[in-house]
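Here is the structure we will look at.
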Amino acid sequence: MKILLVADIHSNWPALQAVNETFDACLVLGDIVDYGTDPGPCVDWVRRNATYAIRGNHDHAVVQQVVARGGTGLKGLAAAARPLQRQQLDRSQLKYLSKLPVTQSFRLEGLSYLMVHATPRDPLDEYLANDADIWREILQSVDADVVCVGHTHLPFELDVGKTKVVNPGSVGQPRDGDPRCSYAVIEDGKVGFHRVEYDIGATITQMRSSGLAPWAVQLADSMLRTGCRPLL
Ligand SMILES: [Fe+2]
């Protein structure tokens, strides 16, 4: 069985289109929208393909109309791009996002899975990469063979006791210094990490035509081309 893991698409449709994989099951780990400016086709792709999907903090913020305060860097970009999400999503797409659960638990091929965007103790917001000591503490109250997460935009695989923690990295906004779209595949119990180039220029052109402020387009351009979060 081939299980596709995607996370943190962030309204980047050209990046999501680069995930050209067949699969038996598709797990979508949240943050389908926000930051980017083409949320509609991303939500439709998830609706069509996800076997299981959960909400991320940015899906939650868009659905609940959380006002992003301005500022610089990522916060500034979210503040500039968030109003455009609701303008571009139709009622059924917003309804789909609003019904996404915060966690999902299920079994595949005899293994128990838990999906959560950030961490099991703080499903939407805790920022935790591959720190084995902290994961060991968190997993004391979790009974799952595989825990799938997103949120940090940093791909990793970590074995903690009997549990494997997997983060596929970010499809639409990588932050590990590699600008290529990131996702993972679990096949026969083994995790494979994949990177594919996509047309970043097409993403930026769409952002420019969306009405996003020019400074925000420039910030996104630099972030997407370097694969690094902005310094400020
Ligand atoms: Fe994210």
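The values are calculated or read from the model by the stated rules, or taken from the named source; none is laboratory data. Remember, predicted model here, so these are calculated numbers, not experimental data. Using ideal geometry, Cβ is built from the backbone for each residue, glycine included, and neighbour counts are taken over all protein chains shown. For accessibility, only protein heavy atoms count, side chains too; no ligands or nucleic acids. Shrake-Rupley method; radii C 1.70, N 1.55, O 1.52, S 1.80 Å.
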In this structure, is Val217 crowded, with 18+ Cβ neighbours inside 10 Å, over 24 Å from Asp38 (Cα atoms) and either free of Cβ contacts under 8 Å to residues at least 40 places away in the same chain or touching an Asp or Glu at 6+ places or on another chain (Cβ under 8 Å) (or both)? no
Being within 16 Å of the ligand (Cβ to nearest atom), under 29 Å from Asp38 (Cα atoms), β-branched (Val, Ile, Thr) and surrounded by fewer than 20 Cβ atoms within 10 Å (Cβ to Cβ) is true for just one of Val102, Val171. Which residue is that? Val102
In the stretch 117-153, anything within 23 Å of Cys228 (Cβ to Cβ), within 15 Å of the ligand (Cβ to nearest atom) and open to solvent by 50 Å² or more (accessible area, probe 1.4 Å) is listed as Asp125, Tyr127
Positions within the stretch 170-219 being among the hydrophobic types (A, V, I, L, M, F, W, C), over 16 Å from the mean Cα position of the chain (by Cα) and under 23 Å from Arg82 (Cβ atoms), in sequence order: Ile200, Ala202, Ile204, Met207, Leu212, Ala213, Trp215, Ala216, Val217, Leu219
Name the pairs whose Cβ atoms lie under 9 Å apart, with the first residue in the stretch 197-213 and among the acidic types (Asp, Glu), the second part of a helix (DSSP H, G or I) and open to solvent by less than 50 Å² (accessible area, probe 1.4 Å), and 6 or more positions between them or separate chains? Asp199/Pro14; Asp199/Ala15
Against the condition touching a Ser or Thr at 6+ places or on another chain (Cβ under 8 Å) and away from the ligand (no atom under 16 Å from the Cβ), how does Gln206 come out, does it pass? yes
So Glu21 clears everything in (1) surrounded by fewer than 24 Cβ atoms within 10 Å (Cβ to Cβ); (2) of a type in the set (Asp, Glu); (3) farther than 29 Å from Leu111 by Cα except one condition, right? Which one? (3)
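Is it true that Tyr96 is under 28 Å from Arg208 (Cβ atoms) and away from the ligand (no atom under 13 Å from the Cβ)?
Details: under 28 Å from Arg208 (Cβ atoms): yes; away from the ligand (no atom under 13 Å from the Cβ): yes.
Taking the combined requirement at face value, the residue satisfies it.
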Filtering the stretch 24-80 down to residues that are more than 14 Å from the ligand (Cβ to nearest atom), within 18 Å of Ser98 (Cα to Cα) and open to solvent by 50 Å² or more (accessible area, probe 1.4 Å) yields Arg47, Arg48, Thr51, Tyr52, Gln64, Gln65, Val66, Val67
